[in-house]
Amino acid sequence: MVTVNIREEDAKVFAKERYSHPHTRVNQRMDALHLKSKGLGNKEICNILDICPNTLLSYFRMYNTGGADKLKEVNFNRPKSEMEEYSEEIKKYFTENPPGSISEAVAKIKEITGMERHVTQVRKFLKHLGFRCLTVGVVPAKALTEEKKTNRRNIWTTNWNRN
């Protein structure tokens with residue numbers, strides 16, 4: 001069982017921060033410790049806040065290790081791509097030599113880094129670097145001159161009228 005000794009000055013911080021902090025998870029932590037400072041039991045706190053006992057114990061451990069400042073920390077798992085260390089090289093290369101397709105970009109990234117990634121991963125990484133896919137349109141042919149119009153055969157009439 002984890003015991004918590006809440007200091008008086010921290011109890012005032014909990015009362016203030018449980019509604020005013022911008023992150024909802026921090027609000028919940030402050031609220032849990034505020035209720036604990038008021039003398040409520042662990043089961044009652046869990047029922048009021050709709051959290052499991054393990055979550056409440058983790059809040060207590062956080063407070064015991066770092067105080068109220070530790071409760072204000074918000075750390076989410078944000079994995080980094082292995083290609084991040086090559087991002088400058090990739091960005092420089094693709095700025096000078098834009099790829100014609102994502103498949104070509106996959107091949108060049110494998111050549112530069114030695115890492116093989118799928119098309120969707122490379123597309124997401126290139127968007128992360130600031131590149132965007134350009135839509136390619138059809139370039140219209142040159143207008144037909146009058147001479148070409150008169151010399152041109154109508155294929156449909158030629159094929160159907162074989163006299």
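Take the conditions (1) within 30 Å of residue 124 (Cβ to Cβ); (2) modelled with pLDDT under 90; (3) hydroxyl-bearing (Ser, Thr, Tyr); residue 113 misses just one of them, which is (2). Kindly provide the set of residues from the range 4-50 that are touching a residue at least 40 places away in the same chain (Cβ under 8 Å) and of a type in the set (Val, Ile, Thr), ordered by number. Once the filter is applied, which keeps residues that are touching a residue at least 40 places away in the same chain (Cβ under 8 Å) and of a type in the set (Val, Ile, Thr), the range 4-50 yields 4, 6, 13, 26.
The values are calculated or read from the model by the stated rules, or taken from the named source; none is laboratory data. Predicted model only: the values in this text are computed from it and were never measured. Backbone-built Cβ (ideal geometry, glycine too); neighbour counts: all protein chains shown.
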